[in-house]
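The values are calculated or read from the model by the stated rules, or taken from the named source; none is laboratory data. Since this is a predicted model, take the numbers as computed values, not measurements. So basically every Cβ, Gly included, is an ideal-geometry build from the backbone, and we count neighbours across all protein chains shown. Surface areas here come from the heavy atoms of the whole protein model, side chains and all, with no ligands, DNA or RNA. Shrake-Rupley method; radii C 1.70, N 1.55, O 1.52, S 1.80 Å.
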Amino acid sequence: MAGVLKQLSTVTASTSSTVTLTGITTNNPHMIVISDCFPSGDAVYLQLRWTVGGSVTTSSDYDSGMQIHFASSTFHDSSVTNNDGINITQHTNGTGNGEGVNAIINIYNPTKSSVHTFATASSVGRDHGDESYGTTGGLVQTANQAIDGVQFKYSSGNITRGDFTLYEVT
């Protein structure tokens, strides 16, 4: 049956500097669900990096384009090229009540080393100024390499709490 989610890895963060999800071994689409993720610092970005052979890829070949919708105003387009990771919401979180993020990330071509690995991301959260927002967009690593996992971290400080789950779509 097509479209079944097979859970591969789950991590519950508790004052963690990074969270790494492993287990990508097929070229099937994969999905990551992030629930109730909160930082230890104020005005920080939740970032994503791929792992290759178990090591984090920090080269400056991550690109993204996203649109941020604010509850109190209009939207904002954001694009980044040649970065050493992806800010998955393109907006900050903080230490105030509820200033965290929830997200779903879909990954395509993860183990095909002859093409780029692409992903789409949708998230909702509250920023460090206590405003609700939603973000949707795409990201790509412009180097052709097979990935086997994903690492998350905040741009500064720790992940105070959060649930991270990796699924394979079979």
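Annotations
- From the options Thr92, Thr25, residue that is among the polar types (S, T, N, Q) and open to solvent by 50 Å² or more (accessible area, probe 1.4 Å): Thr25
- Verdict on His128 being over 16 Å from Thr57 (Cα atoms), in contact with an Asp or Glu (Cβ under 6 Å, 6 or more places away or on another chain) and surrounded by fewer than 21 Cβ atoms within 10 Å (Cβ to Cβ): yes
- Pair list, Cβ < 6 Å and 6+ apart or interchain, from region 104-124 residues that are of a type in the set (D, E, K, R) to residues that are at pLDDT 95 or above: Lys112/Asn27
- Those residues of region 95-108 which are at pLDDT below 95 and open to solvent by 20 Å² or more (accessible area, probe 1.4 Å), in sequence order: Thr95, Gly96, Asn97, Gly98
- Residues in region 50-61 that are at pLDDT 95 or above and open to solvent by less than 40 Å² (accessible area, probe 1.4 Å): Trp50, Thr51.
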